[in-house]
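The values are calculated or read from the model by the stated rules, or taken from the named source; none is laboratory data. The structure presented is a predicted model; accordingly, all values stated were derived computationally and were not measured. Using ideal geometry, Cβ is built from the backbone for each residue, glycine included, and neighbour counts are taken over all protein chains shown.
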Amino acid sequence: MTKISKRSARLLTTSVLAAGWLVACGARAADKEAPAGQWKSDARMQAAFDRIAVAGDAEGRRAAFGVMTVPVQDRPETVRQLVVYAARAGGMQPAQVFAAVSDERNLSDQEIVAAIIPMLELADGQHRTQAINVLGQYENRSASRPPDFSLYRDHLAAELRAGRRPPPGLVRYMYDSAPGVALLAMLRAHPDRRPESLKPVLWAEHVVSDTLWKQQHGFLARDKVEPAAKQELEKLSRDGRWWVRLYVAAIMRQHEAFHEKGIAKRLGDDPHSLVTSFVSDSQP
């Protein structure tokens, strides 16, 4: 196999492409030309990836790369087709091909992440699961460490500054993965930097996270929630920002002890569809 960079070596050593250890979250299908949960496959690129996988020498790899040459504007689709290939091929092979192509095409972390984000709009399926698996490698997450969503901040900030809603698939994925980290990522990406807007959210997330930490480490029973945490969630559930209310819905969905019927009923009628979708999935 061709020499690869440290960044691409990460793809090989973690083998997340094959492991599928992240849980895919629900979303709406975005590619109308492919079945829900699938990205439309490019036969030319897929054939090139197959040739790269079995190429025995540099000359064979160069020949395979040659037929895959695409304009600059199609580089993101090359990344997405690598995800499609990973879902099709399985095993360690996709990680090796992904590493070889990303090195040969000099794809940056930011470019890879930006290319994959649209795949989060797919309905649950192999392609969305693989997209999440790849993204997980750029979040520096582990069993003992929460994900780092900093690579998504520019995408979130650009939409928020323009007065638009960020990609719903990305937002759903973030809040489904780690509600507290997602909330703070949205807060940092938002153009409103006034202390009176930031501090209540920062404090509430701290109080709730502290309660969750106490539950996790046995300082508090898992079916018990400190009154201060409940009070902070109540306040956030009335916040004018949908992404703040979404945090409340996500916490109640993931942690049964935090579920409050009054809050759930109010958020069940929320004007933002993501908030109501999280509430409808929550367990009382």
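Tabulated data for the structure shown
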{"quantity": "Residues of the range 236-284 satisfying the condition of being charged (D, E, K, R), in a loop (DSSP other than H, G, I, E, B) and surrounded by 16 or more Cβ atoms within 10 Å (Cβ to Cβ)", "calculated": "Asp239, Arg241, Glu260, Asp270"}
{"quantity": "Matching option when the condition is part of a loop (DSSP other than H, G, I, E, B) and among the aliphatic types (A, V, I, L, M), among Leu220, Leu212, Leu202, Leu184", "calculated": "Leu220"}
{"quantity": "Test: residue in the range 134-156 that is touching a residue at least 40 places away in the same chain (Cβ under 8 Å) and not in a helix (DSSP H, G or I)", "calculated": "yes"}
{"quantity": "Residue match in the range 69-78 (condition: modelled with pLDDT of 85 or more and surrounded by 23 or more Cβ atoms within 10 Å (Cβ to Cβ))", "calculated": "no"}
{"quantity": "Total residues in the range 200-232, condition over 24 Å from Arg145 (Cα atoms) and under 27 Å from the mean Cα position of the chain (by Cα)", "calculated": "2"}
{"quantity": "Residue identified as in the same structural domain as His255 (by TED's automatic domain parsing), charged (D, E, K, R) and in a loop (DSSP other than H, G, I, E, B) among Arg193, Arg172", "calculated": "Arg193"}
